[in-house]
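Novice: Structure provided below as structure tokens; questions to follow.
Rule-based calculations on the coordinates, nothing more; no lab input. Since we're looking at a predicted model, the values are computed, not measured. Using ideal geometry, Cβ is built from the backbone for each residue, glycine included, and neighbour counts are taken over all protein chains shown.
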Amino acid sequence: MVEQVPVTGDLPGLRPFRVAVPEAELADLRDRLRRTRWPEAAPAPGWEQGIPLEVVQRLCRRWAEGYDWRATEARLDAVPQYLVTVDGLDLHLLHARSPHPGAFPLVLTHGWPGSVLELLSLVGPLTDPPAHGGRAEDAFDVVIPSLPGYGFSGRPTTRGWGIERVARAWARLMALLGYDRYGAAGSDWGTSVSATLGVLDPAHVAGVHLVPPLAGPRPDGGPPSPEERAALAELAQRGRESSAYSEVHRTAPQTVGYALTDSPAGLCAWLGEKLLAWTGPPGLTDDQVLDQVSLYWFTRTAASSARLYAESIGQVAGWLGGQDEPVVRVPAGASVFGAEVPRPSRRWTERRFPDLRYWAEHERGGHFPALEVPELLVEDLRAFYRHVR
């Protein structure tokens, strides 16, 4: 399905990349933050009408006065990074090879409002397990691309860059890197892209690990269990109370992009609301939130990242409702974290992923396990891929 290119030193078309935000950009950010025009506090208590004023003001004070982007930049630049043109678009990727022979290739995909920074803490434990309490035979070569329109990847200028086209680009990317057989894993959009990759490139995808798997009930599937009813109720509540961002991204990514690209406080509120609300206790630190917000700010990708919703969120919503689910026949593993929504059952998952070889449910963690509970996610990845290496 895809052309294989052997690894012989530098690969054709792979251009080394480093992050170096100009100092003038940092100064401009701080100036904008200090001149923010704030709204009044909400008349409703807590988070009832969105992220509270005092939370956003706290984040923005930290962003302007104490947050160290240069330290974050250095963490990124400590991992080999590249740009490569695939399907006419420049893709940014982190590519960390393991020092251990026989390491298994793994492409990790982030989502929104995440980025490659979300997955950075996984690189060391996955590429060099003995240095992090693991076994050398569990080592991975790790590839972490930035989704099209996200981070330092190019921004599509035409329609059509939905999850299928992204998955095809990932298949081509892994071939360019010389990997004939590999795994795919991810969360949020990364779940959809990885599952689709398993459908489109089964000759090369050894298995997919999903956080969580996207599968829903069917009318002919019998009555839901008490746990399934609770999960469906939480998903419905999420849809009623906090899905406005998704509808805006789906219907008007350009419109919201003007405000989010021009106002750092606005961007901080828009992304920070989900980064904080979708986690389990104790949640993310302010600097973990600002890492993600900063990357979106400096790359000016608020609008381009939102367009993936216009391309594919309707399709994904159908899968959550048990409709039009393509069966993924490659081996699959799944991790479901306690504060995550949705939380599909194993029964629903096995219908869509009939070769389900690994299932884990965790009380801790939420939508961003690589930031919240990386040790649990790393162990799940190691455990699942032992079945398919």
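Novice: Hey, what do the phi angles of region 370-380 turn into as Karplus ³J(HN,Hα) couplings, whole Hz, using 6.51/-1.76/1.60 and θ = phi - 60°, x for Gly and Pro?
Specialist: Karplus values, whole Hz, x for Gly and Pro: 5, 9, 7, 9, x, 5, 5, 5, 4, 5, 5.
Novice: Report the local net charge at P52: Lys and Arg +1, Asp and Glu -1, summed over other residues whose C-beta lies under 13 Å from its C-beta. Spell out each step's value before the answer.
Specialist: Numbers: positive: R58; negative: E40, E48, E54, E273.
Local net charge: -3.
Novice: Sticking with this one: Over the chain, what relative contact order in percent results from Cα pairs under 8 Å that are six or more residues apart? All intermediate terms of the calculation are to be shown ahead of the outcome.
Specialist: On the way: 694 pairs, mean separation 74.2, N = 389.
That works out to 19 percent.
Novice: Going toward the positive end of the dipole of region 268-389, with +1 on Lys and Arg Cβ and -1 on Asp and Glu Cβ, which of G272, W297, A383 do you reach last?
Specialist: A383
Novice: Determine the percent antiparallel among the DSSP beta bridges restricted to the chain, to the nearest 5.
Specialist: Values: 13 of 36 bridges.
Counting DSSP beta bridges with both partners in the chain, the antiparallel share is about 35 percent.
Novice: How do R168, R329 rank when sorted from fewest to most other Cβ atoms within 10 Å of their own Cβ?
Specialist: Sorted ascending by nearby Cβ count, the order is R329, R168.
Novice: After finding the eigenvalues of the alpha carbon gyration tensor for the chain, what semi-axes result from the square roots of 5 times each, listed largest first in whole Å? Walk me through the numbers before you get to the answer.
Specialist: Values: eigenvalues 187, 145, 78 Å².
The equivalent ellipsoid of the chain has semi-axes of 31, 27, 20 Å.
Novice: Please report the net charge: other residues with Cβ closer than 10 Å to the Cβ of V211, K and R +1, D and E -1.
Specialist: Details: positive: none; negative: D188, E340, D380.
Local net charge: -3.
Novice: Which of T85, T279 comes first, and how do the rest follow, when ranked by fewest Cβ neighbours within 10 Å?
Specialist: The fewest-first ordering by Cβ neighbours comes to T85, T279.
Novice: Computed over the Cα atoms of region 200-264, what is the convex hull's projected area averaged over all directions, in nm²?
Specialist: Details: hull surface 34.1 nm².
Dividing the Cα hull surface by four gives the mean projection, 8.5 nm².
Novice: Along the positive direction of the dipole of the chain (beta-carbon charges: Lys, Arg +1; Asp, Glu -1; about the Cα centre), which of P52, V211, L33 reaches farthest?
Specialist: V211
Novice: Find out how many positive minus negative residues lie around R250, taking Lys and Arg as positive, Asp and Glu as negative, among other residues whose Cβ is under 13 Å from that of R250. Walk me through the numbers before you get to the answer.
Specialist: Values: positive: R307; negative: E247, E311.
Taking every other residue near R250 into account, the sum is -1.
Novice: Taking neighbour counts of Cβ atoms within 10 Å as a proxy for exposure, in what order, fewest first, do D286, D68, D87 appear?
Specialist: D68, D87, D286
Novice: Oh, and also: Put +1 on the Cβ of every Lys and Arg and -1 on every Asp and Glu Cβ in the chain; which of L320, L117, A42 then has its Cα farthest towards the positive end of the dipole?
Specialist: Of the listed residues, the answer is L320.
Novice: Could you give me the ³J(HN,Hα) list for region 107-114, computed from phi with Karplus coefficients 6.51, -1.76, 1.60 and θ = phi - 60°, whole Hz, x at Gly and Pro?
Specialist: Each residue's phi maps through the Karplus curve to give 9, 10, 10, 8, x, 10, x, x Hz.
Novice: Can you pull the percent of Cα pairs in region 133-218 with separation above 17 Å?
Specialist: Numbers: 1918 of 3655 pairs.
Value for region 133-218 (Cα pairs over 17 Å): 52 percent.
Novice: Counting alpha carbon pairs within less than 8 Å and at least 6 residues apart, what relative contact order, in whole percent, applies to region 309-371? If you can, show how the numbers build up before the last one.
Specialist: On the way: 70 pairs, mean separation 23.1, N = 63.
Relative contact order here is 37 percent.
Novice: Just how many % of Cα pairs in region 145-287 lie over 27 Å apart, if you round to the nearest whole percent? Kindly include the intermediate steps, with their values, before the conclusion.
Specialist: Values: 3934 of 10153 pairs.
Everything past 27 Å amounts to 39 percent.
Novice: Quick check for me: using +1 on Lys/Arg Cβ and -1 on Asp/Glu Cβ, what's the dipole size of region 53-385 about its Cα centre, in debye to the nearest 20?
Specialist: Dipole of region 53-385, to the nearest 20 debye: 620 debye.
Novice: Binning at 5 Å from 0, report for region 334-389 what percent of all alpha-carbon pair distances ends up in each bin.
Specialist: 4, 19, 28, 23, 19, 7, 0
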